[in-house]
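K.L.:
What follows is a structure written as structure tokens; I'll ask about it next.
The values are calculated or read from the model by the stated rules, or taken from the named source; none is laboratory data. This one's a predicted model, so the numbers in the text were calculated from it and none came from an experiment. With ideal geometry, Cβ positions are generated from the backbone for all residues, glycine too; neighbour counts draw on all protein chains shown. What goes into the accessible areas is simple: the full protein's heavy atoms, side chains included, and nothing from ligands, DNA or RNA. Shrake-Rupley method; radii C 1.70, N 1.55, O 1.52, S 1.80 Å.
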Amino acid sequence: MHISENVSLREHNSFGFDISAEYFFSAKSLAEIQEVLQWRQKHNKPLLVLGGGSNTVFTRNVTGLVLHVAIDELTTDENENDINVHAGAGVNWHQLVKQTVFSGQYGLENLALIPGNAGAAPIQNIGAYGKELCDNLISVDVLHRETGETATLSNKECDFGYRHSLFKTPAGADFIVLGIHMRLSPQDKPVITYQALQNAMQNTPPTACEVFDQVCRLRQSKLPDPKVIGNAGSFFKNPVIPCQQVDALRKEYPDLPVYPHSEAECKLPAAWLIDRAGWKGHRSGDVGVHSQQALVLVNHGGGNGQQIAILADEIQKDVTQRYQIHLEREPTIY
Ligand code: EPU
């Protein structure tokens, strides 16, 4: 086992920040993860687990060990009605979506082009265009970073919500995701409840492959490619607030889009709130707000994580002041 020292993480974070890890190890199997965790315990080093690095904002160099989970096995178990797919945590998410959809294994088409790896998908319960990972997820294989024990957590145990799961709470924060099990369907019946997707479709009902293509087109028209402009996708969650508060806001902003959430709560597009506050396309030095989607903060080249954190803070304060709504950040700030 070779643990590298002083490794640049520029290729391991989608903002492209050139910070370094004191120690770095990329593990291709459970056995390698167990071995490196023993090393870490023996040397008493802090641990940071990294997948595709598309949801972490690095504001400083990392002290201790960065464990890159790169288990990339993919297996399929098919019967007449169901297709069970198991993806290792290191499998690239978009490649997984593409491969399944074009092999007649349907269900993930709406989640095309989401950056990152399969292992990160359950952490924030990735979702887009009317579907969330939890709609197809059966279970998650995990390893406890302190005890070294492995377990399989059912969908229910993962306690999924909008951009939320057990893994985001203290009770789940010590689990390392090893892989995910999903149930896909041989039946080509895509979900097109998301209005913007429905409006964009030429054929109704469309095929899953057509939905996949359309989702790619929609995302490419609005969201910057992290390989070209560093970013972490949506930087803020869409806020969920009491419907009463929405009624009051609508008096001042009659065109405010509102999505139903629960009986007493509504979800608002954070992008709209930020856009209406004048931030879209804003630039402070080398960081800024994307010109096509106000929810995405970008690194134009020479920016750093501290500048992104400051910009995020300014946006949050302004949104609170204007609408009395607190925006919650989506990525983890390190
Ligand atoms: N809008 C604006 N200004 C903008 C962008 C959007 O006013 O700059 C308005 C639109 O007019 C629309 C509303 O905001 O009424 C919603 O916009 P959009 O359909 O683009 O979706 P979103 O709510 O901004 C969410 C997810 C995205 C996901 C899309 C599509 C969150 C935090 N974000 O964005 O997820 O792709 O829906 O389902 O829930 C990600 O997590 O990285 C991500 C991109």
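K.L.:
I'd like to check something: does the range 219-236 contain any residue that is of a type in the set (S, T, N, Q) and touching a strand residue (DSSP E or B) at 6+ places or on another chain (Cβ under 8 Å)?
P.N.:
Taking every residue of the range 219-236 in turn, at least one turns out to be of a type in the set (S, T, N, Q) and touching a strand residue (DSSP E or B) at 6+ places or on another chain (Cβ under 8 Å).
K.L.:
Something else about it: If we keep just the residues of the range 9-61 that are among the hydroxyl-bearing types (Ser, Thr, Tyr) and part of a loop (DSSP other than H, G, I, E, B), which is surrounded by the most Cβ atoms within 10 Å (Cβ to Cβ)?
P.N.:
Taking the range 9-61 first, the residues among the hydroxyl-bearing types (Ser, Thr, Tyr) are 14, 20, 23, 26, 29, 54, 56, 59.
Adding the requirement that they be part of a loop (DSSP other than H, G, I, E, B) leaves 14, 29, 54, 59.
On the way: Ser14: 24, Ser29: 14, Ser54: 20, Thr59: 15.
Among those that are among the hydroxyl-bearing types (Ser, Thr, Tyr) and part of a loop (DSSP other than H, G, I, E, B), it is Ser14.
K.L.:
Sticking with this structure for a sec: Being within 30 Å of Leu9 (Cβ to Cβ) and open to solvent by less than 30 Å² (accessible area, probe 1.4 Å) is the filter here, so list the residues in the range 238-276 that pass it.
P.N.:
So in the range 238-276, the residues within 30 Å of Leu9 (Cβ to Cβ) come out as 238, 270-271, 274.
If the condition is that a residue be within 30 Å of Leu9 (Cβ to Cβ) and open to solvent by less than 30 Å² (accessible area, probe 1.4 Å), then Ala270, Ala271, Ile274 are the ones that fit.
K.L.:
Going through the range 199-218 one residue at a time, which ones are at pLDDT 95 or above and within 15 Å of the ligand (Cβ to nearest atom)?
P.N.:
Of everything in the range 199-218, those that are at pLDDT 95 or above and within 15 Å of the ligand (Cβ to nearest atom) turn out to be Val211, Phe212, Gln214, Val215, Cys216, Arg217, Leu218.
K.L.:
Is it the case that some residue within the range 280-287 is touching a residue at least 24 places away in the same chain (Cβ under 8 Å), open to solvent by less than 30 Å² (accessible area, probe 1.4 Å) and in contact with a helix residue (DSSP H, G or I) (Cβ under 6 Å, 6 or more places away or on another chain)?
P.N.:
Checked the range 280-287: at least one residue is touching a residue at least 24 places away in the same chain (Cβ under 8 Å), open to solvent by less than 30 Å² (accessible area, probe 1.4 Å) and in contact with a helix residue (DSSP H, G or I) (Cβ under 6 Å, 6 or more places away or on another chain).
K.L.:
Only one residue in Leu143, Leu153, Leu133 is within 16 Å of the ligand (Cβ to nearest atom) and not assigned by TED's automatic domain parsing to the domain that holds Phe15, so which one is that?
P.N.:
Details: Leu143 fails: within 16 Å of the ligand (Cβ to nearest atom); Leu153 fails: within 16 Å of the ligand (Cβ to nearest atom).
On inspection, the qualifying residue turns out to be Leu133.
K.L.:
Ok, one more. Just one of Gly88, Gly64, Gly116, Gly107 is within 26 Å of Gly303 (Cβ to Cβ) and either open to solvent by less than 10 Å² (accessible area, probe 1.4 Å) or hydrophobic (A, V, I, L, M, F, W, C) (or both); which is it? Walk me through it before giving the result.
P.N.:
Values: Gly88 fails: within 26 Å of Gly303 (Cβ to Cβ); Gly116 fails: either open to solvent by less than 10 Å² (accessible area, probe 1.4 Å) or hydrophobic (A, V, I, L, M, F, W, C) (or both); Gly107 fails: within 26 Å of Gly303 (Cβ to Cβ).
The conditions single out Gly64.
K.L.:
With the structure loaded, tell me whether Gln202 is surrounded by fewer than 17 Cβ atoms within 10 Å (Cβ to Cβ) and touching a strand residue (DSSP E or B) at 6+ places or on another chain (Cβ under 9 Å) or whether it fails that test.
P.N.:
no
K.L.:
Show me the helices (runs of 4 or more DSSP H) entirely contained within the range 163-265 in which 3 or more residues are within 24 Å of the chain's Cα centre (by Cα).
P.N.:
Qualifying helices (runs of 4 or more DSSP H): 195-200, 208-222.
K.L.:
Now a separate question. Only one residue in Ile192, Ile138 is in contact with a Lys or Arg (Cβ under 9 Å, 6 or more places away or on another chain), open to solvent by 20 Å² or more (accessible area, probe 1.4 Å) and either among the aromatic types (Phe, Trp, Tyr) or within 22 Å of Asn110 (Cβ to Cβ) (or both), so which one is that?
P.N.:
The match here is Ile138.
K.L.:
Please identify the pairs in which a residue from the range 261-275 that is of a type outside the set (A, V, I, L, M) has its Cβ atom under 9 Å from the Cβ atom of a residue that is in a helix (DSSP H, G or I) and open to solvent by 40 Å² or more (accessible area, probe 1.4 Å), counting only partners at least 6 apart or on another chain.
P.N.:
Cys266/Gln245; Pro269/Asp275
K.L.:
Among the residues of the range 174-196, is any within 16 Å of the ligand (Cβ to nearest atom) and among the aromatic types (Phe, Trp, Tyr)?
P.N.:
Yes, some residue in the range 174-196 is within 16 Å of the ligand (Cβ to nearest atom) and among the aromatic types (Phe, Trp, Tyr).
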